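Written below as structure tokens is the structure these notes are about.
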Amino acid sequence: MISRIDKWLWAVRIFKTRADAAEACKKGRILVNNMPAKPSREVKINDVIIVKRSPVDYTYKVMGLIENRQPAKNVYLYVENITPQEDLELLKLQKSTLFVQRDKGTGRPTKKERRDIDKLEGRSWTSEE
């Protein structure tokens, strides 16, 4: 069975669409055995695939070849995530940092909301400074 890298990345649910996987290949964000991969590159068992997604470079090992998209519960049969634990910790650290999230479309914060945000972040804009 021959499997293209873009099709394989889509089939094991690393990318939501095959077009997204092909675009990532074209932009140089996919490496197969530390070499940039074109979307049509063939995948072989035991290949190491690096997917560059800021801030982490995910590393996967090919365990099996497939052509069709698989249910999430079967993905482990075809791919092994070998991303170093330090990289995953960096991702957790970034998610846990204090960040005030506003709903899209709510516009800029009002003066009162801005003061509340500043207070939450520990900033003070009084005339004492």
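For the range 107-123, the condition of being of a type outside the set (A, V, I, L, M), modelled with pLDDT under 80, more than 30 Å from VAL48 (Cβ to Cβ) and within 25 Å of the chain's Cα centre (by Cα) holds for none of the residues.
Are there any pairs, at least 6 apart or on different chains, whose C-beta atoms fall under 7 Å, with the first in the range 76-94 and free of Cβ contacts under 8 Å to residues at least 24 places away in the same chain and the second surrounded by 12 or more Cβ atoms within 10 Å (Cβ to Cβ) and hydrophobic (A, V, I, L, M, F, W, C), and if so, which? Hits for this filter: LEU77/MET63; GLU80/MET63.
Taking only the range 1-24 into account, find how many residues are within 15 Å of the chain's Cα centre (by Cα) and under 19 Å from THR83 (Cα atoms). Counting residues in the range 1-24 that are within 15 Å of the chain's Cα centre (by Cα) and under 19 Å from THR83 (Cα atoms) gives 8.
For the range 1-117, the helices (runs of 4 or more DSSP H) that sit wholly inside it and include 1 or more residues that are in contact with a Leu (Cβ under 8 Å, 6 or more places away or on another chain) and either exposed (fewer than 14 other Cβ atoms within 10 Å of the Cβ) or among the hydrophobic types (A, V, I, L, M, F, W, C) (or both) are 5-11, 18-26.
The values are calculated or read from the model by the stated rules, or taken from the named source; none is laboratory data. Because the structure is predicted, anything quoted here is derived from the model rather than measured. Quick reminder, even Gly has a Cβ in these numbers, built from the backbone with ideal geometry, and neighbours come from all protein chains shown.
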